[in-house]
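Below you'll find the structure, written out as structure tokens, and then a few comments.
The values are calculated or read from the model by the stated rules, or taken from the named source; none is laboratory data. Remember, predicted model here, so these are calculated numbers, not experimental data. Every residue, glycine as well, gets a Cβ built from its backbone with ideal geometry; the counts of neighbours run over all protein chains shown.
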Amino acid sequence: MKVTGINNATKRNTTNFKGRIIDSHTHLGKWYENTYNANDLDVFYKQPLANGDVIEKMIVSNLSCIEPNGLLDELQGNKVLLEIAKNNPVLAPLAVCQPNVTKGDASKIEQLLKENPNSFVGLKFHPKRMELPADDASYNAYMKLAEKYKLPCLFHSDKTFETFYINGVKAPRCEYSRPEQIYKLAQRTPKVPIILGHLGGNEGKDTKAAVDILVDSIENNKATLFADISWVNCDTTEKPDIIEAIRRLKNTKKGDMTERLLFGTDAPIARFGKEGEKGLKPIEAYNKVVIDVKNAIKNAFPEEGEKIIEKIFYQNAKNLFFERQKKRLPDFGNIIKKAVKNKKLCFGAIILLAAIIAGNMKLGKESKK
Ligand SMILES: [Zn+2]
């Protein structure tokens, strides 16, 4: 792969987008031989990226609760991450769930959500590392919690097919995290947004299988599926499978559903952490994936490229993780109605609450800019 190779078409479109970014898939913690700290992520957001983009949020989960040998339990690992996120407003934490360890008892995670209201923006599951098929009944109680607390769930998704690489290496299909297995689970709680991390695994027929499932879920109202594009076409500049996913989501029987696709990187794992990869430092690898994906979208969709970029890199994740979160805050309108009914509230208090609601609405409007 030519790292700095920029073809003519790409050059034409190398504009300064200066957009905002939410990276929907990042981590901290211990991952096999590496341990990642907050400063392994802040290299990406402490200054604008090479094209002027600014990372507004990173959706982060603790690898120490995912990696089988470094296992912290659901309470320990998620609390550690929560403390780190409190000092880093860019980091928005997911609570890692371990239905393999708890045998499907989600009470620790519920305790965590109750003790830390509006702190976690979603749940994270890694069926492959847990060696627990995504359609197993042990996930059910966690999905019910996600429904109750209106939390989206990020699943590691992986290969549907056995793959033969040019160098003779053979990779089996994934026994635990295939999109079809996650889809089976998703249909039991169809309102819970479930994200297929890595779009079913990197490229070709595996990502196509994930897109087939996304489109089926949308057209037949069977589940609320999303996908992130971390590692998809990671070694090409053109990103053909990302473009194909956008094209198909733009043209579903329900209309344009590109709201279901999210930008993500899996930073600081592999090329985004420590030593970098293929001659690139982590920040250079990050700049490259942002610029390459944006250029590929602009080249494939010259008219609507900017609009699609804004959705995939920012707005879709904002709606999914942060606008939904607002709905979890107490409903002041209902509180007033009930109080008036019970004649427990004097006129002055009603005026005060009305002012609070007005203030909230104004804030909501401003944050949408
Ligand atoms: Zn990951």
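Select from region 38-77 the residues that are in contact with a Pro (Cβ under 9 Å, 6 or more places away or on another chain) and farther than 18 Å from Ser24 by Cβ and list them in ascending order.
If we filter region 38-77 for residues that are in contact with a Pro (Cβ under 9 Å, 6 or more places away or on another chain), which is where we start, we get 40-41, 43-44, 54-55, 57, 59-62.
Hit for region 38-77 is Val43, nothing else.
May I ask you to say which residue of Asn116, Asn78, Asn37 is touching a strand residue (DSSP E or B) at 6+ places or on another chain (Cβ under 8 Å) and over 27 Å from Leu199 (Cβ atoms)?
Only one candidate qualifies: Asn37.
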Of the residues in region 96-142, those that are on the phi < 0 side of the Ramachandran plot and away from the ligand (no atom under 16 Å from the Cβ) number 29
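Yes/no matrix, rows are residues, columns are (1) free of Cβ contacts under 8 Å to residues at least 24 places away in the same chain; (2) buried (at least 23 other Cβ atoms within 10 Å of the Cβ); (3) aromatic (Phe, Trp, Tyr):
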{"position": "Leu262", "(1), (2), (3)": "no, yes, no"}
{"position": "Ile269", "(1), (2), (3)": "no, no, no"}
{"position": "Lys274", "(1), (2), (3)": "no, no, no"}
{"position": "Lys281", "(1), (2), (3)": "yes, no, no"}
{"position": "Lys288", "(1), (2), (3)": "no, no, no"}
Please indicate, with yes or no, whether at least one residue in region 118-131 is touching a His at 6+ places or on another chain (Cβ under 8 Å), closer than 25 Å to Ser217 by Cβ and among the hydrophobic types (A, V, I, L, M, F, W, C).
yes
Since Thr237 meets every condition but one in (1) β-branched (Val, Ile, Thr); (2) within 30 Å of Pro117 (Cα to Cα); (3) surrounded by fewer than 22 Cβ atoms within 10 Å (Cβ to Cβ), which condition does it not meet?
(2)
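Would you be able to tell me the number of residues in region 45-70 that are assigned to a loop (DSSP other than H, G, I, E, B) and either more than 16 Å from the ligand (Cβ to nearest atom) or not assigned by TED's automatic domain parsing to the domain that holds Lys30 (or both)?
Going through region 45-70, the residues assigned to a loop (DSSP other than H, G, I, E, B) turn out to be 46-53, 66-67.
After this cut, where a residue has to be either more than 16 Å from the ligand (Cβ to nearest atom) or not assigned by TED's automatic domain parsing to the domain that holds Lys30 (or both) as well, the list is 46-53.
Final tally of qualifying residues: 8.
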Of Glu284, Glu275, Glu244, the only residue that is over 19 Å from Leu154 (Cβ atoms), assigned by TED's automatic domain parsing to the domain that holds Gly29, more than 16 Å from the ligand (Cβ to nearest atom) and outside any helix (DSSP H, G or I) is Glu275
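Given region 78-164, what helices (runs of 4 or more DSSP H) lie entirely inside it while holding 1 or more residues that are in the same structural domain as Gly264 (by TED's automatic domain parsing) and in contact (Cβ under 8 Å) with a residue 40 or more places away in the chain?
Helices (runs of 4 or more DSSP H) meeting the threshold: 99-102, 127-130, 140-148.
Would you pick out the residues in region 148-180 that are polar (S, T, N, Q) and at pLDDT below 95? Give the steps one after another, and end with the answer.
Quick first cut of region 148-180, residues polar (S, T, N, Q) only: 157, 160, 163, 167, 177.
Thr163, Asn167 - these are the residues of region 148-180 that are polar (S, T, N, Q) and at pLDDT below 95.
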Could you tell me whether Ala209 is modelled with pLDDT under 95, surrounded by fewer than 23 Cβ atoms within 10 Å (Cβ to Cβ), in the same structural domain as Lys254 (by TED's automatic domain parsing) and small (Gly, Ala, Ser)?
no
Scan of region 204-225 for residues that are within 11 Å of Ala186 (Cβ to Cβ) and touching a residue at least 40 places away in the same chain (Cβ under 8 Å), ordered by number
Leu214, Ala223, Leu225
